[in-house]
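Please treat every number below as a calculation from the coordinates, not as lab data. Predicted model, so just to flag it, every value in this text is computed and none were measured. Reconstructed Cβ throughout: ideal geometry from the backbone, glycine too, with neighbour counts over all protein chains shown.
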Amino acid sequence: MAEVLVLVELDPAGEGVRKTTLEALTAARALGEPSAVVVGAPGTAASVQDALAEYGAGKVYVAESAEADDFLVAPKAEVLAQLVGAVAPAAVVVPSSPEGKEIAGRLAIKTGSGFLTDVTEIAPDGTATQVAFAGQTIVHSRVTVGTPIYTLRGNSVTPVPAPAAASQVPVQVTLSERARQTRVVDRVVEAKSSRPELTEAAVVVSGGRGVASAENFSLIEALADSLGAAVGASRAAVDSGFYPHTFQVGQTGKTVSPQLYIAVGISGAIQHRAGMQTSKTIVAVNKDPEAPIFELADFGVVGDLNTIVPAATQQIAARKG
């Protein structure tokens, strides 16, 4: 069976692999046998090997060195390029994080390959599905040059266990001088809340301009907490100072694809829709019955969010109790 390289995305807090890696391993099985690629400091692979084995990694290429974490994306691109030349994989799959997209772009240049970014599905024949033009078009594409490289959008694929050997294969890390030009001098791990990470969450509750104030976002947070959900915000809400920019969902923010997306006080401008319209089920709450978000929503509630959201939160809490 053909080998497919999957770059492992590690949790920055050192708690193992991110869910996006498990999704990538699952998606890669459509093309062949996944082989995980771990690039990091000594000991990194040992801490994640069990998870990689559980989700189908036949091999784990271990590219560890004391300086692997001292530089930005260049070392990972160089290791992947080295492996592409050595093992001639059927494809390379990378989680579609900002770092993953840059690594994939560098790898494409180094190997003379085509790559497709933000794909939501990969078919056995290599055809990838993408959402393009701010969500207005579904595109099916294939790479015709070199080794196909894909970056997989988070939450597009449900991780499915498929136990495999995950036998370790050491890889010598040799960094070029070009890869050493930008060094990491410090890292600060952002304090993690009890809520799931926005791009990985199965449920997202987002607030828009209609929430009206930063203080009123407590309604959004309470509803999210009752559902075990992540909190998001529209660009209008972020620009108005209601919520931090890191939680923005949209074309210029983060792209999410949860099982359930609840849009509260969001009109549904094309910029926002581009970041969430691949959600499996969309619920909209807006006082304007003509709001564009209702064209996209599976379920809509027309009314005052200040009444509807607390009532919904109360009902959810009662049912859970």
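Between the helical axis of 98-111 and the longest alpha-carbon principal axis of the chain there is an angle of about 30 degrees. Once C-alpha pairs closer than 8 Å and six or more residues apart are averaged by separation and normalised to the residue number of the stretch 1-156, the relative contact order reads 24 percent. Below 13 angstrom from the Cβ of residue 129, what's the summed charge of the other residues (Lys, Arg +1; Asp, Glu -1)? Taking every Cβ under 13 Å from that of residue 129, the sum is -1.
Per-residue ellipticity at 222 nm, computed for the chain from helices alone with -39500 (n - 2.57) per DSSP H run of at least four residues, works out to -8000 deg cm²/dmol.
A simple count of charges around residue 84, restricted to other residues whose Cβ falls under 13 Å of its Cβ and scoring Lys, Arg +1 and Asp, Glu -1, yields +1.
Taking springs between alpha-carbon atoms closer than 10 angstrom, which of 22, 83, 107 fluctuates most in the Gaussian network model of the chain? The residue with the greatest mean-square fluctuation here is 83. In a fully extended conformation the segment linking residue 1 and residue 69 would gain 21.2 nm over its present Cα-Cα distance, using 0.36 nm per residue. Each of residue 54 and residue 167 was given a label point 7 Å from its Cα along the Cα-to-Cβ line. The distance between the two points is 2.4 nm.
Cross-link check: pairs 287/320; 254/280; 76/110 evaluated at a Cα-Cα cut-off of 19 Å; pairs beyond the cut-off: 287/320.
GNM on the chain, alpha-carbon springs under 10 angstrom: the most fluctuating residue among 145, 189, 211 is 189.
Counting charges near residue 227 (Lys, Arg +1; Asp, Glu -1) among other residues having Cβ under 14 Å from its Cβ returns a value of +1.
In a DSSP loop and with at most 14 other Cβ atoms within 10 Å, the GluC sites (Glu not before Pro) in the stretch 45-127 are 67.
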